[in-house]
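Written out below as C-alpha cells is the structure these notes cover.
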Amino acid sequence: MSVSQVPVRAGAADDGAGLAISGQGRAVTGGRARARVARWQLCPSSVALAGVTVILVWTGVMDLLRQGRLEAVLRGGWAELAAPVLVTLVVVAGVCERIWPAEPRPVLARGHVQDACYVALHAIVVIPLMTLLSVGSAALIGSHAGWIALRPAQNWPGWLLIPLTIVAMDAANWLAHFADHRLGFLWRFHALHHSQEELSVLTSFRAHPLMHTTGFVLATVPVVVLMPGRPIAPVLITIYVCIGTMQHANLRWTYGPAGRVIVSPAYHRLHHAREDQSINLGVVLTIWDVLAGRARFPSRRAAAGRTGLEGRPVPVEQHHAAAPGPLLLAEQLIEPFQAQR
C-alpha cells in the first residue's frame, strides 16, 4: 500500500487539539465550580462565635423575662446608647468635619454614605444586641463564677467604686481590642471596621454586630467583680460612649494635654493607618497603650495619613465595582463567614 493509500481521517490533528482544549475547558470550569463551592463554605470559627453570641443573647432574654424586665431594660439600653446627647455630638462633629477636616472630602462621599447604613443597622440591631449581651454575660458569669465578686467592695463609697469600675471596664475593652488584632478568628470581624478609607464620626458605628461579643463579655467581668449589686449611672455610660464615638471624627484634634490621657481623633487615626494598626489600641483612655508600649502620640501639624486595609481584603465602597449601599453592607456582613478570604 502506497503512502497515498494510507487512510487518513480528516481532522484527526484538529480533534487532538480539540480534546486538549476541551480538557482545559473542563479544568477551568471545574476550577470555577470549586471556587464557587469554596466561596460558600462556612468558616467554623465564625460560626462558633455566632453560636456563642446566640447563647449569650438567649440567656439575657430568658433572664429578663423571668424578672419581667425585658422591655424596660431594652428601653434603658436605648436611652444609654442612643441618648440625645450622643446624637447631638454626632451632628456637631459632622459640622466640625466640614469646617476643619483632617482630610477634605465631599459631604456625600462613598464612605459617609456607607457608614450611614451602619448607623441604621446600629440603631435597629446593634443597640438591642449590646444590651442583651451585657445582661447575658452578667447572668452567666454571676451564676457560674460568682466567686469572683469582690465582697469587700460592696462597702466602698460610690465616688471611688464607680470610677474604678469604669476604668477597669476600659482596660477590658482594650484587651478585647488587642485580641481583635491578634487573633485571626476575631480579626475576620474587626477587619470590617478598619476597611474604611474615609474616616468620619459615623465610622464609630461601622462594625460587624458580632465584633461586640468578646468586648461585652470581658467588660462585664469588672462589673461582676466590683459592682454585682449596684448599677452604674446611665449618664456615665453615655459619656463613655460619646468619648469613644468622637475618636473617629475626621478632625486633627489632639485634645492638647488631655490627649495624653483621653483618646483623641488624631490619636486614633494613627491606629487606622494602613502601615501599622498595632498601635493606639485605646478605646477611651490611652494609659493602657502607654503601659503596653503601643502609644504613639500625634502631632497636630502632621499630615493626615491614608486609612483602610492594604489590598482591600474586605469589600469596600470605594471600589469602582462596589454594589449599592445596602447590598454592599450585606456582602460585608457575610464576608467573615466565608471560608476563603
Pick from Trp174, Trp187: which is modelled with pLDDT of 95 or more and surrounded by 20 or more Cβ atoms within 10 Å (Cβ to Cβ)? Trp174
Leu202 is checked against (1) surrounded by fewer than 19 Cβ atoms within 10 Å (Cβ to Cβ); (2) at pLDDT 95 or above; (3) assigned to a helix (DSSP H, G or I) and fails just one. What number does that condition carry? (1)
Filter the stretch 297-321 down to residues that are farther than 17 Å from Val263 by Cα, of a type outside the set (Ser, Thr, Tyr) and buried (at least 17 other Cβ atoms within 10 Å of the Cβ), then give me how many there are. 6
Would you confirm whether any residue within the stretch 200-213 is of a type in the set (A, V, I, L, M) and more than 17 Å from His268 (Cβ to Cβ)? yes
Scanning the stretch 274-306 for residues that are at pLDDT below 90 and small (Gly, Ala, Ser) gives Ser299, Ala302, Ala303, Ala304, Gly305
So for the stretch 72-82 (the condition being of a type outside the set (D, E, K, R), in contact with a helix residue (DSSP H, G or I) (Cβ under 7 Å, 6 or more places away or on another chain), within 29 Å of Leu328 (Cβ to Cβ) and in a loop (DSSP other than H, G, I, E, B)), does at least one residue qualify? yes
Could you go through the stretch 206-214 and let me know if any residue there is touching an Asp or Glu at 6+ places or on another chain (Cβ under 8 Å) and within 24 Å of Ala109 (Cα to Cα). yes
Out of Arg230, Arg269, Arg294, report the one residue that is of a type in the set (D, E, K, R), over 24 Å from Phe189 (Cα atoms) and surrounded by 13 or more Cβ atoms within 10 Å (Cβ to Cβ). Arg230
Picking from Ser134, Ser195, which residue would you name as being buried (at least 18 other Cβ atoms within 10 Å of the Cβ), of a type in the set (S, T, N, Q) and at pLDDT below 95? Ser134
Out of all the residues in the stretch 273-312, which are of a type in the set (A, V, I, L, M, F, W, C), more than 17 Å from Ala176 (Cα to Cα) and in a strand (DSSP E or B)? Ala273
Single match in Gly60, Gly51 (criterion: in contact (Cβ under 8 Å) with a residue 40 or more places away in the chain and either in a helix (DSSP H, G or I) or surrounded by 17 or more Cβ atoms within 10 Å (Cβ to Cβ) (or both)): Gly60
I'm trying to understand the selection: among the residues of the stretch 139-154, which are hydrophobic (A, V, I, L, M, F, W, C), at pLDDT 85 or above and either closer than 13 Å to Asp63 by Cβ or part of a helix (DSSP H, G or I) (or both)? Ala139, Leu140, Ile141, Trp147, Ile148
From (1) within 22 Å of the chain's Cα centre (by Cα); (2) under 23 Å from Ala330 (Cα atoms); (3) free of Cβ contacts under 8 Å to residues at least 60 places away in the same chain, pick out the condition that doesn't hold for Leu108. (1)
Which residues, counting only those in the stretch 316-335, are out of contact with any Ser or Thr (no Cβ under 7 Å at 6 or more places or on another chain) and in contact (Cβ under 8 Å) with a residue 24 or more places away in the chain? Glu317, Gln318, Ala322, Gly325, Pro326, Leu328, Leu329, Gln332, Leu333, Glu335
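Here is a yes/no grid of residues against (1) under 27 Å from the mean Cα position of the chain (by Cα); (2) at pLDDT 95 or above:
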{"residue": "Pro7", "(1), (2)": "no, no"}
{"residue": "Gly11", "(1), (2)": "no, no"}
{"residue": "Gly30", "(1), (2)": "no, no"}
{"residue": "Ala33", "(1), (2)": "no, no"}
{"residue": "Leu56", "(1), (2)": "yes, yes"}
{"residue": "Thr59", "(1), (2)": "yes, yes"}
{"residue": "Ala79", "(1), (2)": "yes, no"}
{"residue": "Ala93", "(1), (2)": "yes, yes"}
On the given criteria, is Leu251 farther than 25 Å from Thr165 by Cα and among the hydrophobic types (A, V, I, L, M, F, W, C)? yes
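The values are calculated or read from the model by the stated rules, or taken from the named source; none is laboratory data. Since this is a predicted model, take the numbers as computed values, not measurements. All Cβ positions, even for glycine, are placed from backbone atoms using ideal geometry, and neighbour counts span all protein chains on display.
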